[in-house]
Every structure is written in structure tokens, then in C-alpha cells.
1. In region 234-246, what residues are among the basic types (Lys, Arg) and crowded, with 20+ Cβ neighbours inside 10 Å?
2. Can you tell me how many residues within region 91-113 are closer than 18 Å to residue 73 by Cβ, surrounded by fewer than 18 Cβ atoms within 10 Å (Cβ to Cβ) and without any contact (Cβ under 8 Å) to a residue 60 or more places away in the chain?
3. Restricting attention to region 262-276, and to residues there that are within 27 Å of the chain's Cα centre (by Cα) and under 17 Å from residue 286 (Cα atoms), which single residue is surrounded by the most Cβ atoms within 10 Å (Cβ to Cβ)?
4. In region 224-233, is there at least one residue being surrounded by fewer than 14 Cβ atoms within 10 Å (Cβ to Cβ) and of a type outside the set (A, V, I, L, M, F, W, C)?
5. Quick test for you: out of 230, 273, pick the one residue that is β-branched (Val, Ile, Thr) and touching a residue at least 60 places away in the same chain (Cβ under 8 Å).
6. Looking only at residues in region 247-261 that are open to solvent by 50 Å² or more (accessible area, probe 1.4 Å) and without any contact (Cβ under 8 Å) to a residue 24 or more places away in the chain, which one is farthest from residue 154 (Cα to Cα)?
7. Please enumerate the residues belonging to region 144-164 that are open to solvent by less than 30 Å² (accessible area, probe 1.4 Å), within 30 Å of residue 62 (Cβ to Cβ) and either in a loop (DSSP other than H, G, I, E, B) or not β-branched (Val, Ile, Thr) (or both).
8. Considering only residues that are crowded, with 16+ Cβ neighbours inside 10 Å and modelled with pLDDT of 65 or more, which ones fall in region 114-130?
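The values are calculated or read from the model by the stated rules, or taken from the named source; none is laboratory data. Not measured: the values here are computed from a predicted model. As a convention, Cβ positions derive from the backbone with ideal geometry for all residues, glycine included, and neighbour counts pool all protein chains shown. Quick note on the areas: whole protein, heavy atoms, side chains included, nothing else; ligands and nucleic acids left out. Shrake-Rupley method; radii C 1.70, N 1.55, O 1.52, S 1.80 Å.
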Amino acid sequence: MEKKMADFSASDYQPLLSSDYLGWSGLKVTQWEQIPPARMYDASQLSNHVIVIHGTAEPLLLQFFDGRHPREKKVTAGEVQIFPAGEKWSCQWTRPLSFVKLELDPLFLEQVAEESGFWHADKKKLDLGFLIRDDKLVVLTQWMLEEVQNGGQSGKLYNHSLANMAAVHLLRYYTRYRQSRADTFAMNKHVTTMIDYMKTNVEVGITLVDLSRVSNISLSQLVRLFKKHTGVTPHQYLIQLRIERAKQLIRCGNLSGKEIAVHAGFSDQAHFTKLFKRMTGMSPLQYASHSRND
């Protein structure tokens, strides 16, 4: 490392958005914009797992140091880095850098692992992720940022669900948990089938009986298994899918509020408006205006 390089720290710059004031426990999300180059980010000094999602519009060069050999990679928007707690990694960049950062308490991850049935997980640390693509994690992070922007108006249950979904996702894909391959495949198959069915039929009424039928799993197991893999109940997941569908329809700009409610699977416009505002912090009209301004 060159001596002229200065350490990057939170005291130097302030994030554009932060979940600090919302009182979230176990997980923190911050958004950083245009952090100048000639700075060094040292992950080894942190007690939390750190997940960075790059947001700089144009590709830029990053240099990574692990105490042995430097690496040099070009990073593009949407790529993810995962720094396990205490790992001896640092990096520097060549142009102003924008990114979203998740900080995950290892104790929170361990708690979720135990509650979700990851009995043989290596719960002390995550696997290192080096400029990877993970669309699901990016979407979860976008939902968190929306909630921060809205001042946490969706409430503690929704915020807790987001944190749990993120933790379960990281446990599934970035730890060395060991279940039998047949058991893992069977559980993933059931949950994936339910999610695919909900996405395909988001505009119609879906019951637990429907999900039990299409996934070939008993009602007594269904909710427990679904929550184990997603962090939320099937009903909560379906509502989130319907809100995302409504957002897409609103951005199209050619449907009335009543038509959007129907196509997104809500029983009536008043129910749709109430849930939409609870989940996003904005009414559908406010969201439409905000989308046009963006």
C-alpha cells in the first residue's frame, strides 16, 4: 500500500441514506455516493460482515489487497462484494465510487441460522464473495433502501422480515452449511414451486391449499418450510410480490388506480391504496409522481 493512501472511514463522509435512526437490530444499511479516489477501505477492522453492492454508473478499476498479492479488477454497477467479519481485505479505487453497504452482526446471523434450521452452518463467518452477481440480494437491498427513505413507515414486522430474508439468503448461498443433497433439493424444490406459482398467479386469489397442491407438501409443513427459506410467511411474500407488480403497472402510466388494483391482485382499490402506502410510505399517486420525476 502506498503511504499517501488515507483510510476511508465514516467520520470522513456521511452516507446519503442510513438505517441508523430506525433502530434496526442485527442489520444496518447505508447508501454512499461519490466517495473520492485515493482512499483505502479496510475490512479487517470491522466486527460485522460487510456486503457492498456497487452503484457507480460507469465501470471503474478497483485494487484489492489480502495481505499477500494485490488484485486489480474492473467493477460494474450491481456487482456484489462480501467481506466476512475480520477478513484481512482492503481495497482502493480510481474514480469517485458509489455503493450500498449492508453490515450484518455475526450474532444475528447465528440466531437466524439456528431459528431457520441451518444446523450445520459455519455460523462464524460468511464465505468471501468477490465481484459476484446476485439479483435477489440486490432486490432485497433496494427494498431496505425504500424503507429507509420512507422513514420505516411499514413497521417493525416488515423491517424484521427484510432482515431475516437477507440473512437466510446469505446463509443459503454464502456459508458452508451441510445438509444431505437430497433433502436440500427437496426443500428448495417445494419452495421454488410455490414462489413460481405466486409470481405466475399474483393477480388472482391464492390460498394455502393452492400452494399445498402445486408444491405437493402438507399444510402442516408448508408455512414452516416457506418461512425457513424466505424469512416470511407465504402471505407476506405474496403481498410483497403484488406491491412490486403494482409499482411496475404504475410506472407504465396507462392504467387507472382501480385497474392497477385488479391486475396486482388486490380485492379493491381502497385495500390496495392502504397496503401500498403501508409498504412504500407513499400513496399510488405520490409514487407515480415520484417515478416521473426520477
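1. As a first pass, look at region 234-246 and keep what is among the basic types (Lys, Arg): 242, 245.
Of everything in region 234-246, just one residue is among the basic types (Lys, Arg) and crowded, with 20+ Cβ neighbours inside 10 Å, namely 242.
2. Here the count works out to 2.
3. 276
4. Yes, because at least one residue in region 224-233 is surrounded by fewer than 14 Cβ atoms within 10 Å (Cβ to Cβ) and of a type outside the set (A, V, I, L, M, F, W, C).
5. Values: 273 fails: touching a residue at least 60 places away in the same chain (Cβ under 8 Å).
Unique residue meeting the criteria: 230.
6. In the first step, residues of region 247-261 are kept if they are open to solvent by 50 Å² or more (accessible area, probe 1.4 Å); the result is 248, 251-256, 258-259.
Narrowing further to those that are without any contact (Cβ under 8 Å) to a residue 24 or more places away in the chain: 248, 252, 254-256, 258-259.
Details: 248: 20, 252: 24, 254: 27, 255: 25, 256: 24, 258: 23, 259: 24 Å.
It comes out as 254.
7. Scanning region 144-164 gives 144, 145, 147, 162, 163.
8. 116, 126, 129
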